[in-house]
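K.L.:
Once you've had a glance at the structure underneath, I'll fire off some questions.
The values are calculated or read from the model by the stated rules, or taken from the named source; none is laboratory data. Predicted model, so just to flag it, every value in this text is computed and none were measured. Don't worry about glycine lacking a Cβ; one is built from the backbone with ideal geometry, like all the others, and counts go over all protein chains shown. These area figures cover heavy atoms from the full protein model, side chains too; ligands, DNA and RNA do not enter into them. Shrake-Rupley method; radii C 1.70, N 1.55, O 1.52, S 1.80 Å.
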Amino acid sequence: MGSSSSSYAPKTIYLDVDGKVQKVAFSRHCSPCDIKELLCSSSNIPRNTAIMMVDPEGALVSIDPTMPTNSPNSLYKVISLSTGQLGEKEDMFQNLLSQVAEQFSRAFRINELKTEVTNRLAMLEKRVELEGLKVVEIEKCKNDLKKLRDEMTSRGGGRVGNCPCKYNFSDDGKKLNPRRDVPSYPKYTLSQETIEALKKPTFDVWHWEHNEMLSCLEYMYHDLGLVKEFNMNPITLKRWLLGIQENYRSNPFHNFRHCFCVSQMMYGMINLCNLPEKMTLTDMGILMTAAVCHDLDHPGYNNTYQINARTELAVRYNDISPLENHHCAVAFQILSLPECNIFANVELEAYKQIRQLKMVLIKCCDISNEVRPTEVAEPWVDCLLEEYFMQSDREKTEGLPVAPFMDRDKVTKPTAQIGFIKFVLIPMFETVMKLFPQIEEIMVQPLRDSRDHYEELKQIDDAMTEGSGSRFMIQKFKKVMGRPDLRL
């Protein structure tokens, strides 16, 4: 009774508003947007203003229902991102930027210019890390560097300081210009509740923005000991993660949130199956990095379309797994850059003996949405069907073969899921269960429940389609809704 009532008790935090203590209470079921509006109102900041919240030590506090509580002796402060002031640190950056510009003006050869840009960026990033500059200051530096780089590009008539890692293939098969960014996402303070939730398959991936997902991924690499084991520079890790995020497209399904979803499930399986006791840290690094990179620059159209449409990718890889080859190529291109190389001098040949197991674990995580609770898993089905329908519509327009499971006129959500769960998901996870019995209750049983759920939905659809068996249909509807006493 006590635990039930405490879950509905409001959460209270204390703010420093113009030197006065402001008490703010909100429901644990509020959305992050509602909490942000409440914080703006409490801090006399106009609504819809971009804000951040910091603790007394200046660390960012994630604005969501799981944020850590504080006390009147340890006040949080809400800061408007549109009114930041840089002061003396701005002068430091301006001086550094002036020196970079002066050096650029004396550069004539492209290799010398590229080396100078890389060195100056590294110097600026170290100063940012050591001086503890705020997000606003980093954004100012990023914008100034971008203007400077664009100016030098226009003068030199070529690309300067860009990393060849992002490729967008338009309809005519031409590559768009690659992109490169300086890491600028803030470090969020993750609550203990969030840290524990990250280790479980029930984690709700829909409540997090991209910056927060990046911080969670960064935490996973630190928590698994990968940063220490491979002597990773935290700045390099940040840049690499941001480069990964920038190279996922805004597809309905194959996007950065899917990347985070797969990576979080891998992190959960590593903890659930006690893999650190059975594998090396290098194996852990391979599993996590493969999960993060597995769908890089996915165009939203599968291998079948690539081959039938004779796209540039299909031609490049001779119709042999064009997407998988492309994901891998982009991943290695990012990792090969000096500023993004998080695994320096690591020899992987000695770690191939358990390759098959690692491949199975990665595939399990990639297709693991139905392991999650229904309210988390079902929106992913909608996203996948939307991407499928986009492809099949295009295939019809271009006169290409259309797979029945992607045709909006033939497939339904139950028919799309039942066969996949019965003949792919359950057999694969039951095989893994023979090695790791502890996953049965947490991962395999939810798959069986999901199969039963969609089979019941299909029975209702079939009864409605036939136009008969109304009593059977009503009984099934009541069962699915959990209301056997419902009168219709």
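K.L.:
When you check L457 against the structure, is it of a type outside the set (G, A, S), surrounded by 15 or more Cβ atoms within 10 Å (Cβ to Cβ) and without any contact (Cβ under 8 Å) to a residue 60 or more places away in the chain, yes or no?
P.N.:
So L457 fits the description; yes.
K.L.:
Does segment 258-303 hold any residues that are open to solvent by 10 Å² or more (accessible area, probe 1.4 Å), polar (S, T, N, Q) and modelled with pLDDT of 95 or more, and which are they?
P.N.:
N271, N274, T289, N302, N303
K.L.:
Does R249 satisfy the criteria of being out of contact with any helix residue (DSSP H, G or I) (no Cβ under 7 Å at 6 or more places or on another chain), within 30 Å of L384 (Cα to Cα) and not in a helix (DSSP H, G or I)?
P.N.:
Yes.
K.L.:
For segment 261-270, check the following and say yes or no: at least one residue is in contact (Cβ under 8 Å) with a residue 60 or more places away in the chain, of a type outside the set (A, V, I, L, M, F, W, C) and over 28 Å from E378 (Cβ atoms).
P.N.:
no
K.L.:
Another one. Residue check, I421 against (1) outside any helix (DSSP H, G or I); (2) within 25 Å of the chain's Cα centre (by Cα), all met but one. Which one?
P.N.:
Just one mismatch for I421, condition (1).
K.L.:
Any idea which residue in segment 203-227 is nearest to F332 (Cα to Cα), counting only those that are modelled with pLDDT of 95 or more and open to solvent by 60 Å² or more (accessible area, probe 1.4 Å)?
P.N.:
Residue satisfying both the conditions and the ranking: H222.
K.L.:
Do you know which residues across segment 64-81 are without any contact (Cβ under 8 Å) to a residue 60 or more places away in the chain and either part of a strand (DSSP E or B) or crowded, with 20+ Cβ neighbours inside 10 Å (or both)?
P.N.:
Matches in segment 64-81: I79, S80.
K.L.:
Given the conditions (1) under 28 Å from E375 (Cα atoms); (2) within 12 Å of the chain's Cα centre (by Cα), which single one is not true for N271?
P.N.:
Single failed check for N271: (2).
K.L.:
Would you please name the residue that is farthest from K458 (Cα to Cα), looking only at residues in segment 419-433 that are among the β-branched types (V, I, T) and open to solvent by 50 Å² or more (accessible area, probe 1.4 Å)?
P.N.:
Ranking the candidates gives T431 first.
K.L.:
If you don't mind, another one. Report yes if A416 is over 30 Å from the mean Cα position of the chain (by Cα) and either modelled with pLDDT of 90 or more or open to solvent by less than 40 Å² (accessible area, probe 1.4 Å) (or both), otherwise no. Quick ask: steps written out before the conclusion?
P.N.:
Details: over 30 Å from the mean Cα position of the chain (by Cα): no; either modelled with pLDDT of 90 or more or open to solvent by less than 40 Å² (accessible area, probe 1.4 Å) (or both): yes.
The answer is no for A416.
K.L.:
Given the conditions (1) modelled with pLDDT of 95 or more; (2) more than 26 Å from the chain's Cα centre (by Cα); (3) part of a helix (DSSP H, G or I), and given that L385 satisfies all but one, which numbered condition is not satisfied?
P.N.:
All conditions are met except number (2).
This table checks each residue for (1) touching a helix residue (DSSP H, G or I) at 6+ places or on another chain (Cβ under 6 Å); (2) touching a residue at least 40 places away in the same chain (Cβ under 8 Å).
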residue	(1), (2)
I354	no, yes
K363	no, yes
W380	yes, yes
F389	no, no
T397	no, no
A403	no, yes
T415	no, yes
I426	yes, no
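K.L.:
State all residues of segment 229-251 that are open to solvent by 20 Å² or more (accessible area, probe 1.4 Å), under 16 Å from C293 (Cα atoms) and among the charged types (D, E, K, R); if no residue qualifies, say none.
P.N.:
Correct list: K238, E246, R249.
K.L.:
Kindly provide the set of residues from segment 271-329 that are acidic (D, E), in a helix (DSSP H, G or I) and free of Cβ contacts under 8 Å to residues at least 40 places away in the same chain, ordered by number.
P.N.:
Result: E277, E324.
K.L.:
For residues in segment 434-447 being in a helix (DSSP H, G or I) and over 27 Å from the mean Cα position of the chain (by Cα), which is surrounded by the most Cβ atoms within 10 Å (Cβ to Cβ)?
P.N.:
Here the residue is L435.
K.L.:
Additional query: For segment 1-23: of the residues being surrounded by 10 or more Cβ atoms within 10 Å (Cβ to Cβ) and under 27 Å from V205 (Cβ atoms), which is modelled with the highest pLDDT? Break it down into steps so the answer makes sense when it comes.
P.N.:
From segment 1-23, those surrounded by 10 or more Cβ atoms within 10 Å (Cβ to Cβ) are 9-17, 21-23; that's our starting set.
When the remaining residues are screened for being under 27 Å from V205 (Cβ atoms), the result is 9-11, 13.
Numbers: A9: 77, P10: 85, K11: 87, I13: 93.
Per the criteria, the residue is I13.
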